[in-house]
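The values are calculated or read from the model by the stated rules, or taken from the named source; none is laboratory data. Quantities reported herein were computed from a predicted structural model and do not represent experimental measurements. In this analysis, Cβ positions are derived from the backbone assuming ideal geometry, glycine residues included, and neighbour counts consider all displayed protein chains. Accessible surface areas use protein heavy atoms only, side chains included; no ligands, DNA or RNA. Shrake-Rupley method; radii C 1.70, N 1.55, O 1.52, S 1.80 Å.
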Amino acid sequence: MGESLHLVCPHCNAINRVPSARLGQSPNCGQCHKPLFEGHPLELDSGNFERHILKNDIPVLVDFWAPWCGPCRMMAPQFVKAANRLEPHFRLAKLDTEACGEIGARNGIRSIPTMVLFKGGREVARQSGALGVEDIVRWAQAR
């Protein structure tokens with residue numbers, strides 16, 4: 001049997017152990033039975049941010065954005081398309097810095113949109129400015 005990965009459910013925040021060989025087989029949560037991946041970014045907030053960053057064994061790519069930001073709104077559909085392409089090897093998530101300013105400040109977000117890639121609970125890469133789907137995918141996979 002191969003390695004198991006810990007994946008946090010985007011619906012109920014339960015931690016699931018999934019054999020890495022089953023990652024591409026549309027696994028469901030053991031607690032709520034909903035899909036662990038749905039091809040769109042997860043909405044993070046102060047209640048679930050730490051759990052998803054610290055407990056997922058796959059990289060988590062977070063788009064720090066705000067509703068009033070024009071470039072953020074332009075990038076949003078591109079980020080959704082990137083989620084569709086990068087899952088299940090990455091978890092894509094969005095954090096509204098207007099609603100969760102303390103998390104943005106704690107992560108040193110100075111401009112938006114800013115994408116931060118976390119692996120093992122630590123930031124490994126950062127990119128500011130709006131990107132298209134191809135650039136998002138290429139940037140994430142290169143890290």
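Look at the alpha carbon pairs under 8 Å that are at least 6 residues apart: their mean separation over the length of the chain gives a relative contact order of 25 percent.
Taking the C-alpha atoms only, the angle from helix 70-86 to the longest principal axis of the chain is near 20 degrees. Ordered from largest to smallest accessible area (heavy atoms of protein chains, 1.4 Å probe), the residues Arg91, Arg143, Arg138 come out as Arg138, Arg143, Arg91.
Under a model in which nothing but the beta-carbon of Lys, Arg (+1) and Asp, Glu (-1) is charged, the chain shows a dipole of about 280 debye around its Cα centre. Qualifying GluC sites (Glu not before Pro) in the stretch 1-54, where qualification requires a DSSP coil assignment and no more than 12 other C-beta atoms within 10 Å, comprise Glu3. Phi angles across the stretch 94-105 convert, under the Karplus curve 6.51 cos²θ - 1.76 cosθ + 1.60 with θ = phi - 60°, into 3J(HN,Hα) values of 10, 10, 6, 6, 6, 7, 10, x, 5, 6, x, 5 Hz, Gly and Pro given as x. Sites listed here are chymotrypsin sites (Phe, Trp or Tyr not before Pro) in the stretch 56-100 whose DSSP assignment is loop and whose Cβ has at most 12 other Cβ atoms within 10 Å: Trp68.
When only Cα pairs below 8 angstrom with a gap of at least 6 residues are kept, the stretch 38-96 shows a relative contact order of 61 percent. Per residue, the accessible area of the stretch 1-80 comes to 51 Å², computed with a 1.4 Å probe over protein heavy atoms only.
Computed from the coordinates I sent, P(r) over Cα pairs in 5 Å bins from 0, in percent equals one of [x] 2, 8, 14, 15, 14, 12, 11, 9, 7, 5, 2, 1, 0; [y] 2, 9, 17, 18, 16, 16, 11, 7, 3, 1, 0; [z] 2, 11, 21, 24, 21, 13, 7, 2, 0, 0. Tell me the label. The value matching this structure is [z].
Counted over the chain, the DSSP beta bridges are approximately 65% antiparallel. With just the Cα atoms defining each centre, how far is the stretch 99-130 from the stretch 36-51? Give it in Å. When both Cα centres are located, 14 Å separates them.
What is the set of long-range amide H partners of Asn28 at a cut-off below 5 Å, with H atoms built 1.01 Å from backbone N? So Asn28 has HN proximity to Leu36. To put it simply, the accessible area of the chain at a 1.4 Å probe is 49 percent carbon and sulfur.
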